Each structure stands twice: as structure tokens, then as C-alpha cells.
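The values are calculated or read from the model by the stated rules, or taken from the named source; none is laboratory data. Just so it is clear, the structure is predicted and the values come from calculations on it, not from any experiment. We place every Cβ from the backbone using ideal geometry, glycine too, and count neighbours over all the protein chains shown. Note: areas computed on protein heavy atoms with side chains; ligands, DNA, RNA excluded. Shrake-Rupley method; radii C 1.70, N 1.55, O 1.52, S 1.80 Å.
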Amino acid sequence: MEKNNPIGLFDSGIGGTSIWSAIHDLLPNENTIYLADSKNAPYGQKSKEEIIQLCIKNTEFLLKYNCKMIVVACNTATTNAIKELRAKYDVPFIGIEPAIKPAAISSQKHVIGILATQGTLNSELFHQTAEKFHDTKIIEQIGHGLVPLIENGEINSKEMNQLLHVYLEPMITANIDYLVLGCSHYPYLIPQIKKILPKDIKIIDSGEAVARQTKNVLSERNGLNDDKNKGKAIFYTNSNPRVLNDILNNKYDVISKDF
């Protein structure tokens, strides 16, 4: 593993930048390449086979740039395709899945909510994880429509607020004390979610855990970049780069490329 080679990340759009941000904060001198497959977003309503093929395409794009590791910064892609990716390629993969475990362990009421895509909630990996915590009631909610609104830059729209009320109010009624965000897009909705949820309900996403795992795997393989300079970050999108630029506050190179 070449230490100076970049970490590659991909997602079905801009949402995985929340994962990229956590990794960048923890490992600021690592070079990174982020791939936003916004043209095919959302993955959550696609078949398992379609998701696997999209993940293979994304992986091969990143491997052309000699990525030393690939972070699947998408819950749906991880839960449906990471097993196949690990079998097909030699490069290490880091996945992201809903943080059910920390929520279930910490829950005092033994009732937690999870807001995720249909593809994640229907996946075998999700059900295997959920079954380990049979003493905790898990209120599942598919976030229909949320990803397209985020991809269109409508995070603070009236429609977004209405959808969040519809999805979260039954969880509040069910007396949850933890809300798990099971999609890498959803951390961008935390300010709106906090306005709806009572203050005693805690919100958990996977960003920091994925960043720690990325560091651990690189360290185990002696792959941490020992260059003391700040790493270079490049972002690719196959859609309009405006929303990705906005999310990144126009601080980084965003390249529009068909793939």
C-alpha cells in the first residue's frame, strides 16, 4: 500500500460528504477522492443487482486513480454490495451501516427509531444486525423523498419539513430515546430534525465510527500518510456540480464528469 495514494470514497450522491468530512477531520493529511454518483441517486429503491453493478462501476473509477482504500460512504451500497466488492477486489473496503448497536446499548427506554432508505431497511445485513438486539424495539421508517430533495439543494424547503414531521412524529409517539440516521445524506438534516424532536431524544449517525475504522485499518496495514502537509481533496460528480459545491462551501475542486 502506497502511503501517499488517496483514500477513495463513493456515494449515491452528495450525502457521503458527511462521511468524508469525518475522515478529513480525523486524518487531515490524507489525500482523498470523492465520487458522487448523483445521476443514479437514490440507490435505496434499486434492486440488489443494480446496486452491486453501480458499486463495481464506482470502485473501478476510483481504482484508476490508485486509491489505497475505498470507503463505501453509502448505507444502501454497504448493506447490499460490500460482500461482493471485498470478494472481487484486493483493496481494503470500509463500509457504513446504521449505528443500531450504540443506540440499542445506550437506550434507557429500549425503544429506538431508525430513518433510512428502503434498500437499507430491506437488506439482509440490516436484519442480521437488528436481530442481535431483540430486547430493543426498533421503529423503522423509510425516508421516501428525502434524498432527492437533498440532491436538489432543497434541504430547508417546506416539503422537506413536512416529510420530516410525517416520518418523525410516529417515532416520538412511540417514545424513542435515540434516532439513528441510516443514510449518509441525512446528517445534513440534523438542524431541521432537532426542531421537531424533543430535546431528550439523541441523534446518532455513523460518521465518526467510520473515520475511526478508516484510521485503524490504515494503521494496521502501515498505510497512514506520513506527509505532514494537508491532504488534497478532489470531488467528482456526474450531475450538476452546484449542490456539491454548496455543501462543500466552494472550498474544494469539484469536477463534473460523466461516468
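For the list (1) in contact (Cβ under 8 Å) with a residue 40 or more places away in the chain; (2) over 29 Å from Leu62 (Cα atoms), I need the number of the one condition that Glu131 fails.
With (1) in contact (Cβ under 8 Å) with a residue 40 or more places away in the chain; (2) over 29 Å from Leu62 (Cα atoms) applied to Glu131, the lone miss is (1).
Only one of (1) at pLDDT 95 or above; (2) open to solvent by 10 Å² or more (accessible area, probe 1.4 Å) is not met by Thr79, so which one is it?
Of (1) at pLDDT 95 or above; (2) open to solvent by 10 Å² or more (accessible area, probe 1.4 Å), only one is false for Thr79: (1).
If you go through region 195-227 one residue at a time, how many are open to solvent by 50 Å² or more (accessible area, probe 1.4 Å), closer than 19 Å to Val72 by Cβ and polar (S, T, N, Q)?
2
At pLDDT 95 or above and in contact with a Phe, Trp or Tyr (Cβ under 7 Å, 6 or more places away or on another chain) - does that describe any residue in region 24-32?
Scanning region 24-32, I find at least one residue that is at pLDDT 95 or above and in contact with a Phe, Trp or Tyr (Cβ under 7 Å, 6 or more places away or on another chain), so the answer is yes.
Taking interchain pairs and intrachain pairs at least six residues apart, which have beta carbon atoms under 6 angstrom, with the first residue in region 40-52 and under 19 Å from Tyr89 (Cβ atoms) and at pLDDT 95 or above and the second of a type in the set (Asp, Glu) and outside any loop (DSSP other than H, G, I, E, B)?
What qualifies is Ile52/Glu84.
Kindly list the number of the only condition in (1) free of Cβ contacts under 8 Å to residues at least 40 places away in the same chain; (2) within 17 Å of the chain's Cα centre (by Cα); (3) under 22 Å from Gly223 (Cα atoms) that fails for Thr59.
Exception for Thr59: condition (1).
For residues that are open to solvent by less than 10 Å² (accessible area, probe 1.4 Å) and either under 20 Å from Ser47 (Cα atoms) or in contact with a helix residue (DSSP H, G or I) (Cβ under 6 Å, 6 or more places away or on another chain) (or both), tally how many sit in region 102-118.
Here the count works out to 4.
Suppose the filter is part of a helix (DSSP H, G or I), of a type in the set (Ser, Thr, Tyr) and closer than 20 Å to Tyr167 by Cα; does Thr129 pass it?
no
Could you count how many residues in region 22-45 are outside any helix (DSSP H, G or I), among the acidic types (Asp, Glu) and open to solvent by 10 Å² or more (accessible area, probe 1.4 Å)?
0
Residues Ile234, Ile255, Ile204, Ile196: which one is more than 28 Å from Lys57 (Cβ to Cβ) and in contact with a strand residue (DSSP E or B) (Cβ under 8 Å, 6 or more places away or on another chain)?
After ruling out the rest, the residue left standing is Ile204.
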